[in-house]
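Working notes, beginning with the structure itself.
What follows draws every value from the coordinates through simple rules; no lab data is involved. Predicted model only: the values in this text are computed from it and were never measured. Neighbour counts run over all protein chains shown; Cβ positions are idealised from the backbone, glycine included.
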Amino acid sequence: MSEDSLDRLYVQHLQTQMRRADQALAATGFDALVIHAGCPPTQFLDDQDYPYKVNPHFKAWVPVTDNPRCLLVYSPGARPRVLFYQPNDFWHKPASPPQASWTAAVDLTVMADPSKAGAHWANLGRVAMIGPRECFEESEAERINPPDLLTRLHYDRAVKTTYELECMRRANTLGARGHAAALAAFRRGACEYEVHMRYLEACVQREEEMPYNNIVAYNEHAAVLHYQNLERSAPAPLRSFLIDAGAQYRGYASDITRTHAAAPGMFADLIDALDEAQLSLCGEILAGRDYREVHLSAHRVVGDVLHAAGLTKLAGQAALEMGVTTVFFPHGIGHLLGLQVHDVGGVMGDLHGHERKRPEGHPYLRLTRMLEPGVVVTVEPGIYFIDSLLAAAHADARRAHIDWSVVERLRPFGGIRIEDNVATTASQPENLTREAFSRAAA
Ligand code: GLY
Ligand code: MN
Ligand code: MN
């Protein structure tokens, strides 16, 4: 699909965005919306800014992700207006106003001085402001981020438009390229740092453009769920490699994990078994299904994998009920994905934000909603050998259900996670990640 075709989808997306905003404004008693793109904070005692991360509400309206201090003004019945920040600045390169065909769908005004921007909404009535509090005037405090309005917008956001789905396919295409380059570097014996660099190079994205920090974990590091270091030398022996890394396209994220073994053997077999289980779970991303059920189903299939590998003496439901699976699989099966890697609205039962409870004993599940067409989720089962969780299980009744000699053999490999991005449709799920890997391999 060409960029112009994508821009045509963008126009439809914008109409959905406007319709959702119209409904949310009417329901909460506001007349108009002003969204601030955000601005990076400055480092303490310094004149350097932290990396800029755009307000997700702003990029939901316009694909401008790299120019802080822009504003979006919307009042029902009018076209959205983008106040595009372009200061007089000879220290930095002021951003150039976008020229792509999507800009025809909005009114784009170049703004050199944000202090005068208020004139654009002075006559729009009761205006809600969305964005980081510090980006607005003190006098606006009462209308910044009204909770009822935000809740409605967050709830709606889970259902992606056709445009958003295409952006997420492309974010997966980029991620698949990065994963291929990272795997090649691992096979050459590169260190974690170099793998990370090869990943960025293949995606043609700088580190701060990643939707989250790359997780590049060798051996025992793979047991740290959000491992954040990048060792500058490769360990010897090199046994295993877990990489959790995505990419973004027009502000939409992919979130992909693969795990590789350095050599055939028990750990490689465990990866294959979890991969097969993960694929069966991807098949459960169906409209009308409760995602909490997918999570519990994941515990049963992970329980079976653990049992077949000889790690546990209980399988499936029994392993779940005895709390044995959570020793090895402590996080949720996945989450909403989109403008943010852990997209908002995951535990909302309705437009008012009533919470849908997590299953008892599963505090880290980030998504408890019913699935419906357009909802994109991750499916990311894991099996890890985490010292603190193993020690806790060893100290209680679960000790008898685990074969500790098998644990000791696998502990040096750290762990496994396999993560795909899956779109719910009216029929079979669309696995955005597997399809991107197939395209990359073709
Ligand atoms: N990359 C973070 C996660 O998988 O949730
Ligand atoms: Mn994830
Ligand atoms: Mn991930």
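Brief remarks on what is shown
- Cα pair count fraction exceeding 35 Å, expressed as % - the chain: 35
- Compactness of segment 164-309 is given as radius of gyration and Dmax, 16.3, 48 Å, from Cα positions.
- Choice from Ala395, Ala182, Ala202 with maximal GNM fluctuation in the chain (Cα, 10 Å cutoff): Ala395
- The lysine pair count for the chain, using Cα distances under 30 Å and pairs eight or more places apart or on different chains, is 9.
- Loop-located chymotrypsin sites (Phe, Trp or Tyr not before Pro) in segment 1-75 (DSSP state not H, G, I, E or B) with no more than 14 neighbouring Cβ atoms inside 10 Å: Phe44.
- Taking a ≥ b ≥ c as the square roots of the eigenvalues of the Cα gyration tensor, segment 364-442 is classed as oblate, since a/c reaches at least 1.5 and a/b does not exceed b/c.
- Residue ranges 63-70, 422-429, 237-244 sort as 237-244, 63-70, 422-429 when ordered by packing (mean number of other C-beta atoms within 10 Å per residue, highest first).
- Relative packing of peptides 357-366, 11-20, 255-264, 172-181 - highest average C-beta neighbours within 10 Å first: 172-181, 255-264, 11-20, 357-366
- Residue-averaged [θ]222 nm for the chain, counting only DSSP H segments that reach four residues, each worth -39500 (n - 2.57): -11000 deg cm²/dmol
- The Kirkwood hydrodynamic radius of segment 104-146, based on inverse pair distances between different Cα atoms, is 12.0 Å.
- Overall dimensions of segment 1-90 by Cα: Rg and Dmax, Å: 15.7, 48
- Peptide packing for 410-418, 283-291 was compared via the average number of neighbouring C-beta atoms within 10 Å per residue; ordered from the highest value, the list is 410-418, 283-291.
- The C-alpha atoms of segment 239-382 occupy a region whose extents along the principal axes are 49, 37, 22 Å, arranged from largest to smallest.
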